[in-house]
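The values are calculated or read from the model by the stated rules, or taken from the named source; none is laboratory data. Everything quoted here is computed from the prediction, not taken from an experiment. With ideal geometry, Cβ positions are generated from the backbone for all residues, glycine too; neighbour counts draw on all protein chains shown.
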Amino acid sequence: MRPDGSRKSNAVWHARHEMPKNASLPVRVAWHLAHTDHCGCRPMPDSVTRAIDGQPLRICGRGHRSLPGGPCPMCWPGHYRKA
Ligand SMILES: [Zn+2]
Ligand SMILES: [Zn+2]
């Protein structure tokens, strides 16, 4: 059984990692970094690529990459949620 479409997508990963609405930049960066590792359905947007450029990425205990500063956005999404 092969999924439809020419690009490799990982529907299970997407179901478990929904991009929050109005996600802030650190959340979007961490999401896309994880997405690149697990799914190839779409490329990183320029805004995310530019945000990563030249930044020393941090890796959390569970292997998520993120921008430095603050807790891991994949492990602590609530920290970045806007009130
Ligand atoms: Zn995807
Ligand atoms: Zn994490």
In the stretch 11-38, what residues are under 8 Å from the mean Cα position of the chain (by Cα) and either in contact (Cβ under 8 Å) with a residue 60 or more places away in the chain or closer than 16 Å to residue 71 by Cβ (or both)?
27, 28, 29, 30, 31, 33, 34
Where in the stretch 1-71 are the helices (runs of 4 or more DSSP H), entirely inside, with at least 2 residues that are surrounded by 16 or more Cβ atoms within 10 Å (Cβ to Cβ)?
25-38, 46-52
Inter-residue pairs, beta-carbon under 6 Å, first more than 9 Å from ligand 2 (Cβ to nearest atom) and in the stretch 53-78, second at pLDDT 95 or above and among the small types (Gly, Ala, Ser), 6+ apart:
58/66
Say whether the condition of being in contact with a helix residue (DSSP H, G or I) (Cβ under 8 Å, 6 or more places away or on another chain), modelled with pLDDT of 95 or more and more than 16 Å from ligand 2 (Cβ to nearest atom) is met by at least one residue in the stretch 1-20.
yes
Whether any residue in the stretch 21-32 is under 23 Å from residue 81 (Cβ atoms) and touching a strand residue (DSSP E or B) at 6+ places or on another chain (Cβ under 6 Å) is what I want to check.
yes
